[in-house]
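The values are calculated or read from the model by the stated rules, or taken from the named source; none is laboratory data. Quantities reported herein were computed from a predicted structural model and do not represent experimental measurements. Note: ideal-geometry Cβ built from the backbone for every residue, glycine included; neighbour counts use all protein chains shown. With ligands, DNA and RNA removed, areas are computed over all heavy atoms of the protein, side chains included. Shrake-Rupley method; radii C 1.70, N 1.55, O 1.52, S 1.80 Å.
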Amino acid sequence: MVSELTSTVTLTGIAGHKLELPTGLFINNQFVPSKTHNTLETLNPATGEQLAVISAASLEDVDLAVQHAKAAFKSWRKSHGPVRQKLLLKLADLIERDADELATLDALDAGKIFGESRHMDVPNAIEHLRYFAGWADKIDGKSLRIPNGFAWTQREPIGVCATIVPWNAPLMITIWKLAPAITAGNVLIIKTAELTPLYGIKLAQLVLEAGFPAGVIQILTGLGTVTGKAMSQHMEISKLAFTGSGTVGRQIMIEAARSNLKKVTLELGGKSPSIIFDDADLENAVFWAVIGITAHNGQICVAGSRLYVQKGIYDKFVEKFREMSLKAVAGDPLLQDSTKGPVISKVQHEKILGHIQKGVEQGAKLLYGGKDVEGKGNFVENTAFVDVGEEMSMMQEEIFGPVAAITKFETEEEVIEKANSTSYGLSSAVFTNDVSRAQRVSQALEAGQVTVNAWAMLNPNTPFGGVKESGFGRDMGEDALDGWTVLKTVKIAILPGKL
Ligand code: NAD
């Protein structure tokens, strides 16, 4: 049963630590209920129990946030770089101060292992804020020569921007958008995922404490089909950065085309290959390959879900991979002993088990796992299939679960062709000690990023995003700023001088 909306909710974290959060939408630096009294219930995926009932933004609330954003942009666009820099650095410091609480919210709401969020997601968010704060006074253009004149380009903020983010790494992905958007002088409306809204409320409290002017950063909790849709259709939102599924990404593009042709960038899913050559350091390859598909239960867009292992190392690799994967201890993500949390929802749980069932029906050999973990909550065993054919659905479709598809290959040419044989192109990993092979294969892979002898290696200084159906536009690095600025050219004619 969904409870009534109260003005605050109290959550219990590690060792009984209490955390009180407002339940309202963060509009114009205030927490307010939805104008239409819409609400949203959020559940703990480890237990299935209700965590909170909070406000959910309607079309009217989105419009109100846009009007405040427009008003804020008038002065924010003229703010000096060092002013924006100081505020972003302050926000980074506050996130660092409250890192335990933010990791607690990731554990409660997203089912993320506390230590994983505390030592990976939260520091990554802080690093992004500090990295992009450094750009605030360095977003320049070029000077250009033209006959009888002079020209230059300047990169200007776009204006009222929005972002719609997913549930799998909620804080981290939000900051990947917030940091470049704000440093470039935009105002930003954030829609959190309906499954993980609580971190967004905490982040809003920190935005307020950091001292950002009202309307510069607004955070709306709400449903994709209501709040997200209203944002994608809005005539006065000029840019929408989306991270999520390809299905919703396509809908957003359609709505953008139907409305005001807002600029859209999409970070979508993946079916990323990890390629292990005979000459690789076996221990290192196993370590990263296991993390690549079991971290956060494979609910990571860059999950290394397709493992191609060369013939000579195959048997040893599979044995060690199995050994390490099965060491996972499933349990409450807040508890220190747990190394594996639940998957996000009942729906996701059923979807993963459905993919596993389909794999068996299509003739892939189940090496281990494949079942529900007994008890409350949405747990699925770490699972691996071997002898998986390229045409099988588990080689082509993103499962977003702890399911590895392992297959044997013989030659470099063969594995490149197989690795490139999906519609996705987000990330890939190559394990080899041959530096020339590392370069050849990296060049040949169709992916937005390639890591050699490691997995993911996300860093604020290195651009991140997809090719093919994994999307377009980049988070991270200087290139991310292209997605949050418009280029203006100014040309000045040089008039003949009078003697
Ligand atoms: P999703 O597409 O269902 O939801 C993402 C966001 O879109 C949520 O905030 C949701 O509320 C919103 N949304 C849903 N319907 C909408 C609509 N009609 N209009 C506007 N917004 C709408 O995806 P998900 O289940 O939250 O996340 C899983 C997917 O995201 C996977 O495919 C995964 O690969 C992808 N993902 C990609 C990256 C990346 O950086 N490339 C990162 C994380 C997740």
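Which of the helices in the chain, when you take each full DSSP H run, stretch at least 15 Å along the axis at their Cα atoms and have an average Kyte-Doolittle score of -1.0 or higher?
59-76, 81-97, 122-133, 170-183, 198-210, 246-258, 282-294, 311-325, 346-361
Any idea what the dipole of the chain comes to, in debye rounded to 20, about its Cα centre with Lys/Arg Cβ at +1 and Asp/Glu Cβ at -1? Write down the numbers at each step before the final one.
Values: 49 positive and 56 negative charges, 457 e Å.
Charge dipole, the chain, about its Cα centre: 2200 debye, nearest 20.
For the chain, what does -39500 (n - 2.57) per DSSP helix run (n ≥ 4), summed and divided by total residues, give at 222 nm, in deg cm²/dmol to the nearest 500?
For the chain, the value works out to -10000 deg cm²/dmol.
Amide H to amide H under 5 Å from residue 52: which residues, 5+ apart in sequence or cross-chain, H placed 1.01 Å off N in plane?
42
With Cβ to Cβ distances under 14 Å as the rule, what net charge do the other residues near residue 43 carry (K, R +1; D, E -1)?
So the surrounding residues net to -2.
How would you order 106-115, 78-87 from highest to lowest mean count of nearby Cβ atoms within 10 Å?
Ranked from most to least packed, the peptides come out as 106-115, 78-87.
Keeping all protein chains in place and using 1.4 angstrom, which order do 152, 455 fall into by accessible surface area, from largest down?
Output order, biggest surface exposure first: 152, 455.
Say R0 is 45 Å: what FRET efficiency, to the nearest 0.05, do residue 443 and residue 357 get from their beta-carbon distance?
Computed FRET efficiency for residue 443 and residue 357 comes out at 0.75.
In the neighborhood of residue 409, defined by Cβ-to-Cβ distances under 10 Å, what is the net charge if each Lys or Arg adds +1 and each Asp or Glu adds -1? Don't jump to the answer; show the numbers that get you there.
Details: positive: 311, 408, 418; negative: 410, 412, 413, 414, 417.
Every neighbour counted, the sum reads -2.
Quick check: Cα centre of the stretch 427-499 to Cα centre of the stretch 146-194, how many Å?
16
Could you please state, rounded to a whole Å, how far the C-alpha centre of the stretch 295-329 is from the C-alpha centre of the stretch 1-46?
What the calculation gives is 38 Å, centre to centre.
Over the stretch 8-268, what is the mean sequence separation of C-alpha contacts under 8 Å (at least six apart), divided by residue count, expressed as relative contact order in percent? Don't skip to the answer; put the middle values down first.
Values: 531 pairs, mean separation 59.3, N = 261.
It rounds to 23 percent for the stretch 8-268.
Report, to one decimal in Å, the Kirkwood hydrodynamic radius for the stretch 8-268 based on all distinct Cα pairs. Could the numbers behind the result be given before it?
On the way: mean 1/r = 0.0537 Å⁻¹.
So the Kirkwood estimate lands at 18.6 Å.
What figure, in Å² to the nearest 10, do you get for the accessible area of residue 120 with a 1.4 Å probe and non-protein molecules left out?
Estimated to the nearest 10 Å², residue 120 gives 90 Å².
Considering only DSSP beta bridges whose two residues both sit in the chain, what percent are antiparallel, to the nearest 5?
Here the antiparallel bridges make up roughly 45 percent for the chain.
Once phi is turned into ³J(HN,Hα) by the Karplus curve 6.51 cos²θ - 1.76 cosθ + 1.60 with θ = phi - 60°, what whole-Hz value does each residue of the stretch 426-432 show in order, with x for glycine and proline?
Per-residue couplings from phi come out as 8, 8, 7, 10, 10, 10, 6 Hz.
Take the Cβ-Cβ distance between residue 492 and residue 279 as r, set R0 to 51 Å, and report the resulting FRET efficiency rounded to the nearest 0.05.
On the way: r = 59 Å, r/R0 = 1.16.
According to the calculation, E is roughly 0.30.
Roll a 1.4 Å probe over the protein chains and send me the accessible area per residue for the chain in Å².
Each residue of the chain exposes 41 Å² on average to a 1.4 Å probe.
Where does the charge balance sit around residue 258 when Lys and Arg score +1, Asp and Glu -1, over other residues with C-beta under 14 Å from its C-beta?
Neighbourhood net charge equals +2.
Once amide H atoms are built 1.01 Å from N in the peptide plane, which residues 5 or more positions from residue 367, or in another chain, come under 5 Å H to H?
When sequence neighbours closer than 5 places are left aside, the close amide H contacts are 384, 385, 386.
How large is the Kirkwood hydrodynamic radius of the stretch 9-71, in angstrom, based on all distinct alpha carbon pairs?
Values: mean 1/r = 0.0757 Å⁻¹.
Taking every pair of different Cα atoms in the stretch 9-71, averaging 1/r and inverting gives 13.2 Å.
Between residue 8 and residue 390, what FRET efficiency comes out of the Förster formula 1/(1 + (r/R0)^6) with R0 = 56 Å and r the beta carbon distance, rounded to 0.05? Working shown, then result.
On the way: r = 53 Å, r/R0 = 0.94.
It comes to 0.60.
Using amide H atoms built 1.01 Å from N in the peptide plane, name the residues 5+ places from residue 453, or on other chains, whose amide H lies under 5 Å from its own.
430, 431, 432
To the nearest µm²/s, what D does Stokes-Einstein give for the chain at 20 °C and 1.002 mPa s, using the Kirkwood radius over alpha carbon pairs as Rh?
Working: Rh = 23.6 Å.
Here the translational diffusion coefficient equals 91 µm²/s.
Which one of 184, 102, 294 is farthest out on the positive end of the charge dipole of the chain, using unit charges on Cβ (Lys, Arg +1; Asp, Glu -1) and the Cα centre as origin?
Looking along the dipole axis, the top candidate is 184.
In whole percent, what relative contact order does the stretch 251-377 give with Cα contacts below 8 Å and a gap of six or more residues? Numbers along the way, then the final one.
On the way: 112 pairs, mean separation 24.0, N = 127.
Computed over the stretch 251-377, the figure is 19 percent.
How large a share of the accessible area of the chain, in percent, is made up of carbon and sulfur atoms when the probe is 1.4 Å and the other protein chains stay in place? Let's see the in-between values first.
Numbers: 11230 of 20670 Å².
Accessible surface attributable to carbon and sulfur in the chain totals 54 percent.
Return a whole-number percent for the relative contact order of the chain, with Cα pairs under 8 Å and 6 or more residues apart as the contact set.
Relative contact order comes out at 17 percent.
Note down the accessible area of residue 96, probe 1.4 Å, to the nearest 10 Å².
Ignoring ligands and nucleic acids, residue 96 comes out at about 90 Å².
What does the stretch 85-192 give for Rg and for Dmax, in Å, if only its C-alpha atoms count?
For the stretch 85-192, the Cα radius of gyration and maximum Cα-Cα distance read 17.5, 64 Å.
Tell me the label-point distance for the pair residue 346, residue 80, using the 7 Å Cα-to-Cβ offset, in nm and rounded to one decimal.
5.7
For the stretch 341-358 and the stretch 113-142, compute the distance between their C-alpha centroids and round to whole Å.
32
Please list 3J(HN,Hα) in residue order for the stretch 41-48, calculated via the Karplus relation 6.51 cos²θ - 1.76 cosθ + 1.60 where θ = phi - 60°; whole Hz, with x for glycine and proline.
9, 10, 10, 7, x, 7, 10, x
List, in order, the whole-Hz ³J(HN,Hα) value for each residue of the stretch 188-197 obtained from phi through the Karplus relation with A = 6.51, B = -1.76, C = 1.60 and θ = phi - 60°; use x for Gly and Pro.
With coefficients 6.51, -1.76 and 1.60, one gets 9, 10, 10, 10, 7, 6, 5, 7, 9, x Hz.
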